[in-house]
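The values are calculated or read from the model by the stated rules, or taken from the named source; none is laboratory data. What you see is a predicted model, and the numbers here were worked out from it, not measured in a lab. Virtual Cβ from ideal backbone geometry, glycine too; neighbours counted across all protein chains shown.
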Amino acid sequence: MVPLRIHRARIAQYKHDQLLREYLKQNLNELIQQKELVIDGRVKTQIATLDLPTLRYGEEATVLAQGKGAAGGDGTRGGRDGGEEEVQALGGLLGGDHHGRELRVELDFDEFVRLAQEVLLEEIHLPPLHLSAAAGEVESEDMPELDDLDRIGLRPDLNLEETMLQSLLRSVRERGMLDYDVDLRQDGWYFIEDPTTYRNHRSLEVYVLDISGSMRGEYLALVRKTIFVLWYYLERRYPTNLRRYVVFQDVATEKVRDDFFCVESSGGTHISTGFEKAMALLEGTTEYDKFLFLFTDGETSSGDFDLAKRRYEEALRRFDLICYGHVNPGGRGVGGFSEYVHEHARRHPNATFANLVDVETIRAAMGDFLTILTREQSRGLAAALRADH
């Protein structure tokens, strides 16, 4: 009979993950509001584990034990009925007396995002993205059909025949010799996908966040939840996601990811600077689908309104899609610059406006986003997202 092996480590890990999911379900809103959400790539939680000590022989600290059967000083050994009880000094720690220290669980940020996405998809009733190819599947194991040629391409897609012919012609033209002298910078021809059927497989995503004094607490929670759900769908549409992060108040600054999720709210609001910095990040991204996601309470500073309008209209011409999130956890009326964007977005096919009040409004925002992202291919999915809204 094969002995039954119990994988205690796997069982413990499964139980740990299960408890962590339950903890996130109950506390996601509080965790996600932390001013410093991610530090050195990790998210700190309030859930604790027990660090138990290891019993070691020969510790400096000793404890006393009492019993029979100890060897006597004369070398005789006491039996069951003989010998006197002696107090012995033993090395090591008693496990029952030392419970170790409590350790706060730290999650890798990517793991935290994945768990948060699971919670959010369930909480907001968003469907996992599993579309059949006929319905517009955006990821496929099949390689795109390379049925055209171009002078720019990847080394593995080099068309050797055309490249050698180009090298021969150049050698005759420049040196008068019927010989090969291949220089890929001048002779290289590559197989590529036909431009008429070419679809970008890369996205540039620029996330722009208002960090004026009002953007904290529940405001941040709504922004981060929306971003995590956006990542869920974008990562299933594009194999390559290039992400840039911008924060703005009176001025705009590009940040790395960790700093973007550790904001210090202060200052006024010049929305125009957010658009300006986002457009400055477009250089060299001609082969990307370009998305701008801007989050603000819409109260731009005095004197910035007209400039912000011009920058928004310019950005509409340069980005494939602009998603403007008016962060409004109190559910107040939409005013200020957000009111202008709301009216303007209705007339532009590459613009959406979301009044982010609660998780249900995130659901509606995802419906609008997916409709534009996949156009006719995901019409059924977008309708499903709005079914109960």
- For segment 229-247, name all the residues that are among the β-branched types (Val, Ile, Thr) and out of contact with any Ser or Thr (no Cβ under 9 Å at 6 or more places or on another chain). Val229
- Message: So Ala308 ticks every box in (1) buried (at least 21 other Cβ atoms within 10 Å of the Cβ); (2) modelled with pLDDT under 90 but one. Which box is left unticked?
- Response: (2)
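Using the structure shown, decide if Phe295 is in contact with a Gly (Cβ under 6 Å, 6 or more places away or on another chain), assigned to a strand (DSSP E or B) and either β-branched (Val, Ile, Thr) or surrounded by 22 or more Cβ atoms within 10 Å (Cβ to Cβ) (or both). Full working, then the answer.
Details: in contact with a Gly (Cβ under 6 Å, 6 or more places away or on another chain): yes; assigned to a strand (DSSP E or B): yes; either β-branched (Val, Ile, Thr) or surrounded by 22 or more Cβ atoms within 10 Å (Cβ to Cβ) (or both): yes.
Against the criterion (in contact with a Gly (Cβ under 6 Å, 6 or more places away or on another chain), assigned to a strand (DSSP E or B) and either β-branched (Val, Ile, Thr) or surrounded by 22 or more Cβ atoms within 10 Å (Cβ to Cβ) (or both)), Phe295 qualifies.
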- Long-range neighbours under 6 Å by Cβ, at least six apart or interchain, first residue under 22 Å from Ser203 (Cα atoms) and among the polar types (S, T, N, Q) within segment 111-140, second modelled with pLDDT of 50 or more and part of a helix (DSSP H, G or I): Gln117/Phe228; Gln117/Tyr232
- Query: Just one of the numbered conditions (1) buried (at least 23 other Cβ atoms within 10 Å of the Cβ); (2) touching a residue at least 60 places away in the same chain (Cβ under 8 Å); (3) part of a loop (DSSP other than H, G, I, E, B) is not true of Thr300; which one?
  - Reply: (2)
- Answer yes or no: is there a residue in segment 249-259 that is without any contact (Cβ under 8 Å) to a residue 40 or more places away in the chain, closer than 24 Å to Gln33 by Cβ and hydrophobic (A, V, I, L, M, F, W, C). yes
- Message: Any residue that is of a type outside the set (Ser, Thr, Tyr), in contact (Cβ under 8 Å) with a residue 12 or more places away in the chain, in a loop (DSSP other than H, G, I, E, B) and in contact with a helix residue (DSSP H, G or I) (Cβ under 9 Å, 6 or more places away or on another chain) - is there at least one of those in segment 187-196?
- Response: yes
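For the structure I just gave you, tell me whether Tyr238 is buried (at least 16 other Cβ atoms within 10 Å of the Cβ), modelled with pLDDT under 90 and in contact with a His (Cβ under 7 Å, 6 or more places away or on another chain). Steps first, please.
On the way: buried (at least 16 other Cβ atoms within 10 Å of the Cβ): yes; modelled with pLDDT under 90: yes; in contact with a His (Cβ under 7 Å, 6 or more places away or on another chain): yes.
The answer is yes for Tyr238.
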- Query: If you go through segment 334-358, how many residues are of a type outside the set (D, E, K, R), surrounded by fewer than 19 Cβ atoms within 10 Å (Cβ to Cβ) and farther than 11 Å from Gly298 by Cβ?
  - Reply: 5
- Query: Which one is nearest to the chain's Cα centre (by Cα), of the residues in segment 129-188 that are surrounded by fewer than 15 Cβ atoms within 10 Å (Cβ to Cβ), among the basic types (Lys, Arg) and at pLDDT 80 or above?
  - Reply: Arg173
